[in-house]
Amino acid sequence: MSRLALPVKALLIAAASAAAAPVFESAWLAHRIAALNSLALTDLARLFALISGEIWVAVATAHFAATALALAAAAALFRGRISTPAFLVASVSPAVAFILLLELTEPLEEIATWRHADVYWRVSSPLIALPAAFTLAFYAAIQMLSTLSRKLLPRTARHVLLSLLLLSAVLASAAYLRAYPSPGKSRLPVRVRTQTGRGAILTPGANVRVFFIGVDGATWDVIGPLAERGVLKNIAGLVERGSHGRMRTLKPTLSPLIWTTIATGLPPERHGIGGFVEYEVEGLTRNLSILPGRKPMKFWRNFLDGDHVVRTTIKRTSRSGAAVWNVLSAAGLSVNVVRWPVSFPPERVNGRMVTHRTYYELRGDPAEQTRGGAGGAEREITTSPPDFVSEIAPLLTRPEDLDPSAMSRFVVVNELFRRQFLQSDRYDKSSEASILKFIHNEDEFFNRVALYVLDNYPSRFFSLYIYGLDAVQHYFWKYMKPEDFSDVDPAKLETYGGVIRGYYEYVDETIGKILERADENTVVIVASDHGMESVAPEGAEGFRSGSHSNAPDGIFIIAGKGINRRAHALDVRPADVLPTILRIFGVPAARDVAGKTLDSALDEKTYPERKSVRSYEWTTEWTGGRPGGNNHVTENEMIERLKNLGYIK
């Protein structure tokens, strides 16, 4: 081969690599996203086309530069002794390097849509320099092996060896693809039997009830000192007569992700809920809720900000796997679920479900509150059964109707607070009075609904999720721990110094009202998804002074019938909650969940172990109507709330 032909050959192969690389990498990215989100094959093809169009020019340019530079360097280094097969093999190495680079730098905790902007690479040079270096090293190894094989092996043996290497590559690729969930198949639920009204498929045990109270952000660091001072009597009573310990949080500490694991017993990569938002991509039948973590900044920003992508709040329709209310409903047990995160659109259950969107929907139009949308624009379906929203509408109070003196249990109601409180007509992160006004009013509504349901529709399983504690700790933490900060306003400290303590007392009071509805056959569980701590370094999260990015674990308390007393130091994973609840009800656990029963907390005679089943794979059912979150007023308000809390940008 002449010296003139060698650079030309290198450039031609570099051009071929640049043309093939976008196809190769787009296919890999599309398959990865499809597997994480259980997309159908038609969706996979559509996603491949969108990704290819988005990254074609950038990837082709990067790979042409990397391959051309590396092959030119190799040609000069080896002075023309380059075989065509070695050139061809080396030309694909930038694409291989790209994928290896992404695989090796993607920790599981970064799988969360809201954090992408923080983990994108700030420079694109690694995409050129590292693949180029990899190409040169890879080519040198191939060239050395080729030289050795010519000296040590006859031509026939070399051909056999090459065939074996190609076969190994094919088998390795097949194994890689098999290791991933098959898009549109593996995590999609399969109908086993209808959940309600057509006969139970399981035989539940004793006539026990379970009250599950989820308190977002509750931490032992605050509960412990308050309980010792006799402030939190109801929580302290549950601790005294039951078992307690820590709830190991998940990373990232995102509420939708963790509470869905608690409900399903599945890790995030299996239940499919990865954060607070999801992406509705034009042409796809299913939204994207989990994306691979560390990716080039420019590509993902361009792709997610494109006209074909709409960002919305996360929906229950992105969840895979059966939740506790699905399994219990299938067993013929009655359930009432109030405000569980990512419960919208509601599912048809053997009881009642009030989703977290009910409050926003009812606030939308006062004239429609008791009419369920009759005579006006079609409303979102936010409860199951759908008409239950009309029944609970009178329980709603509006923030604008509140009197500032109603906040006296949390703050010093001085003239400054009173003026800010009355002027606040929307949730505003710059106004502490506004934050407390809107958060507490929302909590109050759902707590009233919970008590109404307990009084009028008794059930075997009841759950209430209390969100406000997490929010007030984000905003008011520095007023509880001013020693951790240097910029605390003395006047605001005097006004808001008791907010967090007051809110823990409010939560304890709510738990006490629920305990009044319990009897000797009731098991009560109180749990949180994570703890809270001061922002570190100070001011890193702007207006937020409380953080759970690297916070302590959450709390877990279980007490009641058949629960061992004083079993300290329980070490609970979120996935352990589902099998424990099923064990209490005498419902067999499923072997495909990630959690284990908390045996040390349960009396074996009261709750004997049942033989497990392979899986619970239910087809969950919408209640009908408009399940997809088309109310733009509600959607915009929820997005704005997430921005104010700093969860999304």
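The values are calculated or read from the model by the stated rules, or taken from the named source; none is laboratory data. Predicted model only: the values in this text are computed from it and were never measured. For neighbour counting, all protein chains shown are included, and Cβ atoms are generated from backbone atoms with ideal geometry for every residue, glycine included. Heavy atoms of the whole protein, side chains included, go into the accessibility calculation; ligands, DNA and RNA do not. Shrake-Rupley method; radii C 1.70, N 1.55, O 1.52, S 1.80 Å.
Evaluate the following for PHE445: is it at pLDDT below 90, assigned to a helix (DSSP H, G or I), buried (at least 20 other Cβ atoms within 10 Å of the Cβ) and not basic (Lys, Arg)?
no
Taking the options TYR452, TYR506, TYR465, TYR496, name whichever one is in contact with a strand residue (DSSP E or B) (Cβ under 6 Å, 6 or more places away or on another chain) and not polar (S, T, N, Q).
One residue alone meets the criteria, TYR465.
Regarding ARG339, is this residue of a type in the set (Lys, Arg), more than 15 Å from the chain's Cα centre (by Cα), open to solvent by less than 20 Å² (accessible area, probe 1.4 Å) and at pLDDT 85 or above?
yes
Within the bounds of the range 581-596, is there any residue that is surrounded by fewer than 14 Cβ atoms within 10 Å (Cβ to Cβ) and modelled with pLDDT under 60?
For the range 581-596, residues surrounded by fewer than 14 Cβ atoms within 10 Å (Cβ to Cβ) and modelled with pLDDT under 60: absent.
When you go through LEU44, LEU39 one by one, which is the residue that is under 30 Å from ASN287 (Cβ atoms), modelled with pLDDT of 65 or more and not in a helix (DSSP H, G or I)?
Of the residues listed, the single one that is under 30 Å from ASN287 (Cβ atoms), modelled with pLDDT of 65 or more and not in a helix (DSSP H, G or I) is LEU39.
State yes or no: is GLY242 on the phi > 0 side of the Ramachandran plot and either modelled with pLDDT of 80 or more or of a type in the set (S, T, N, Q) (or both)?
The answer is no for GLY242.
Looking at the range 379-427 only, could you name the residues that are farther than 25 Å from PHE344 by Cα and not in a helix (DSSP H, G or I)?
Matches in the range 379-427: LEU402, ASP403, SER408, ARG409, PHE410, VAL411, VAL412, VAL413, ASN414, SER424, ASP425.
Looking only at the range 565-580, count every residue that is over 23 Å from the mean Cα position of the chain (by Cα) and open to solvent by 50 Å² or more (accessible area, probe 1.4 Å) and tell me the total.
Looking only at that region, the number is 4.
Got a number for residues in the range 223-236 being part of a helix (DSSP H, G or I), touching a residue at least 60 places away in the same chain (Cβ under 8 Å) and surrounded by fewer than 23 Cβ atoms within 10 Å (Cβ to Cβ)?
Within the range 223-236, residues that are part of a helix (DSSP H, G or I), touching a residue at least 60 places away in the same chain (Cβ under 8 Å) and surrounded by fewer than 23 Cβ atoms within 10 Å (Cβ to Cβ) number 3.
Check LYS429 against each of (1) buried (at least 19 other Cβ atoms within 10 Å of the Cβ); (2) touching a Phe, Trp or Tyr at 6+ places or on another chain (Cβ under 7 Å) and name the one condition it does not meet.
(1)
Per-residue answers, yes or no, for (1) more than 27 Å from SER405 (Cβ to Cβ); (2) open to solvent by less than 10 Å² (accessible area, probe 1.4 Å):
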| position | (1), (2) |
| --- | --- |
| VAL449 | no, yes |
| ASP455 | yes, no |
| TYR467 | no, no |
| GLU520 | yes, no |
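Kindly provide the set of residues from the range 406-426 that are open to solvent by 10 Å² or more (accessible area, probe 1.4 Å) and touching a Lys or Arg at 6+ places or on another chain (Cβ under 8 Å), ordered by number.
Hit for the range 406-426 is SER424, nothing else.
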